[in-house]
Amino acid sequence: MSHNTWIHRFTRIVLVKPLVGSAIRPNHLTTLRLVAGLSAATMLAAGSQLWSNIGAGVFLLAMLLDRADGDYARLTGQTSASGHTYDLISDGLCNALIFIGLGVGLRHGEYGMLAIPMGLFAGAAVGTILWLVIRIENLEGSRAAELGNFAGFDPDDAMVIIPVAIWFDRAEDLLFAAAVGAPGFAIFFYRFFRRKLADVKTAG
């Protein structure tokens, strides 16, 4: 959501700057991010500890690529409205499906089959946030939905908790937190959207 977090600075050094001058385009990175995110969700859905650990690493890579594509576009003067929309949709899809995959993968755990609707609930909330971000940006332009960052971190950086929780065998705690927290954040974004909509109507 911000463009200057610690994760952005890291990817700028290790991923973005080495690509400058190459034939790689920003949409190539976005596509790779999408493939990595979908692959990670599929690995988590398999339900084994091995595939979950691998999927967590692949999802972390997808997060880095998500920061890299926009940074690369800005650094090389290749920004576009269509590329930004593609990035947003890929981001929302990957972040939604990772929770769905997590829920499916935990169906034999503490929550049993309840884990699947928990994952679906969290994923649907993330999808709702994406829809609201797109609506806000359609009203007020690119980056209008940004919440800024604090001490070099923004709200989207919280997604790094996913691989960390999986690696430390706290996946079920993560699923519960997501099933409760993601809808709460969606409600916050809805209120944010309503304020934006009211401001647009007032200005009109």
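General remarks:
- Taking the criterion of being modelled with pLDDT under 95 and either in contact with an Asp or Glu (Cβ under 6 Å, 6 or more places away or on another chain) or among the small types (Gly, Ala, Ser) (or both), the only residue of region 49-67 that qualifies is Asp66.
- Checking each residue in region 1-36 for being not small (Gly, Ala, Ser) and not in a helix (DSSP H, G or I) picks out Met1, His3, Asn4, Thr5, Val20, Ile24, Arg25.
- So Ile136, is it more than 14 Å from the chain's Cα centre (by Cα), modelled with pLDDT of 80 or more and surrounded by 14 or more Cβ atoms within 10 Å (Cβ to Cβ): yes
- Considering Phe59, Phe99, the condition of being in contact with a Pro (Cβ under 7 Å, 6 or more places away or on another chain) and surrounded by 18 or more Cβ atoms within 10 Å (Cβ to Cβ) is satisfied by Phe59 alone.
- Qualifying residue in region 76-98 (condition: part of a helix (DSSP H, G or I), aliphatic (A, V, I, L, M), modelled with pLDDT of 95 or more and in contact with an Asp or Glu (Cβ under 6 Å, 6 or more places away or on another chain)): no
- Residue count for region 65-88, restricted to those that are in contact with a Leu (Cβ under 7 Å, 6 or more places away or on another chain) and within 13 Å of Ile134 (Cβ to Cβ): 1
- Residue, surrounded by the most Cβ atoms within 10 Å (Cβ to Cβ), within region 23-38, restricted to residues that are within 14 Å of the chain's Cα centre (by Cα) and either at pLDDT below 95 or under 10 Å from Cys94 (Cβ atoms) (or both): Gly37
The values are calculated or read from the model by the stated rules, or taken from the named source; none is laboratory data. These numbers were taken from a predicted model, which means no experiment stands behind them. All Cβ positions, glycine included, derive from the backbone under ideal geometry; neighbour counts span all protein chains shown.
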